[in-house]
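A.B. asks: Below is a structure I'd like to ask you about.
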Amino acid sequence: IFGSAEFFGERFIINKDTLIPRQETELLVEQCLEQIKLIKGEARILEIGAGCGNISISIARNSKNTKITSIDISKGAVKTSRMNAARLTGCGKIKFIAADIFDDNFIKKRSRMKYNLIISNPPYISSGELPGLQKEIHFEPASALDGGRDGLNYYRRIAGVAGRLIAERGRLLTEI
């Protein structure tokens with residue numbers, strides 16, 4: 001409705017292509033920042049599901065020595081992420097890519113680059129619950145909400161590809 005939302009102390013542009021950032025997702029950012037402190041050298045981070053870029057941008061703004069790749073299947077979401085990054089980071093710490101993490105060609109190309117952290121806030125609402133949610137939710141992209149029959153579809157799929165992309169002693173952090 002307002003075209004923007006606050007997250008981690010900053011105002012992010014949002015639109016029909018993105019979810020509204022939720023306060024509970026700030027816990028995921030805080031956990032990532034704690035994990036980054038444990039990494040010697042540059043922290044290589046992969047975010048699955050960029051949305052408006054709030055997670056990656058918040059991490060970039062609050063950490064040093066990070067290289068973040070943030071992907072989303074929605075070209076509109078990637079465009080919005082790039083706008084937010086240009087406004088809020090002013091640096092090249094984040095590369096936003098429109099891609100499908102489950103595309104085998106994408107995985108093969110990225111598997112050379114091992115990530116210290118893979119982070120995601122994937123769709124986790126079960127398909128049956130969607131119609132009963134508050135009406136404001138229905139203005140958000142259904143593809144960013146619907147986690148399949150039991151809400152865990154994307155967690156299973158992410159777990160299936162993470163092993164090919166994560167560095168030794170790397171971490172997978174998700175909101176659930």
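A.B. asks: 222 nm [θ] for the chain, helices only, -39500 (n - 2.57) per DSSP H run of 4+, per residue, to 500?
C.D. replies: Helices in the chain give a 222 nm mean residue ellipticity of -9000 deg cm²/dmol.
A.B. asks: May I have the extent of the alpha carbons of the chain along their three principal axes, as whole Å values ordered from largest to smallest?
C.D. replies: 46, 34, 27
A.B. asks: Where the only charges are on Cβ atoms (+1 Lys, Arg; -1 Asp, Glu), what is the dipole of segment 1-77 about its Cα centre, to the nearest 20 debye? Present the calculation step by step, with values, prior to reporting the outcome.
C.D. replies: On the way: 10 positive and 10 negative charges, 59 e Å.
With only Lys, Arg, Asp and Glu charged at Cβ, the dipole is about 280 debye.
A.B. asks: How much area per residue is accessible in the chain when the probe is 1.4 Å and only protein heavy atoms are counted (Å²)? List each step's numbers first, then the result.
C.D. replies: Working: 9610 Å² over 176 residues.
That works out to 55 Å² per residue.
A.B. asks: So, one more: For the ranges 45-56, 3-14, 78-89, what's the packing order if you count other beta-carbon atoms within 10 Å of each residue, average per peptide, and put the highest first?
C.D. replies: 45-56, 78-89, 3-14
A.B. asks: What does the charge dipole of segment 121-176 about its Cα centre add up to, to the nearest 20 debye, if the Cβ of each Lys and Arg holds +1 and the Cβ of each Asp and Glu holds -1? Before the final figure, lay out each step's value.
C.D. replies: On the way: 7 positive and 7 negative charges, 67 e Å.
Computed about the Cα centre, the dipole is about 320 debye.
A.B. asks: I need the helices of the chain that pass two filters: whole DSSP H segments spanning 15 Å or more by Cα along the axis, and mean Kyte-Doolittle score no lower than -1.0. Intermediate results must be reported in sequence, preceding the final value.
C.D. replies: Numbers: long enough: 26-37 (17 Å, 0.10); 75-88 (20 Å, -0.49); 153-165 (19 Å, -0.33).
Membrane-span-like by this rule: 26-37, 75-88, 153-165.
A.B. asks: How many percent of the accessible area of the chain is carbon or sulfur, using a 1.4 Å probe? Present the calculation step by step, with values, prior to reporting the outcome.
C.D. replies: Details: 4950 of 9610 Å².
After summing per-atom areas, the C and S share lands at 51 percent.
A.B. asks: Charges at C-beta only: +1 for Lys and Arg, -1 for Asp and Glu. How large is the resulting dipole of segment 67-123 about its Cα centre, in Debye rounded to 20?
C.D. replies: On the way: 12 positive and 4 negative charges, 68 e Å.
About 320 debye.
A.B. asks: Okay, next question. For a 21 Å ceiling on Cα separation, which of these pairs sit above it: LYS37/LYS75; LYS40/LYS79; LYS67/LYS114; LYS16/LYS93? All intermediate terms of the calculation are to be shown ahead of the outcome.
C.D. replies: Details: LYS37/LYS75 32 Å; LYS40/LYS79 32 Å; LYS67/LYS114 12 Å; LYS16/LYS93 26 Å.
Flagged as over cut-off: LYS37/LYS75; LYS40/LYS79; LYS16/LYS93.
The values are calculated or read from the model by the stated rules, or taken from the named source; none is laboratory data. Since the model is a prediction, treat every value here as computed from it, not as a measurement. Every residue, glycine among them, receives a Cβ derived from its backbone with ideal geometry; neighbour counts consider all protein chains shown. Remember, those area values only see protein heavy atoms, side chains included, never the ligands or the DNA or RNA. Shrake-Rupley method; radii C 1.70, N 1.55, O 1.52, S 1.80 Å.
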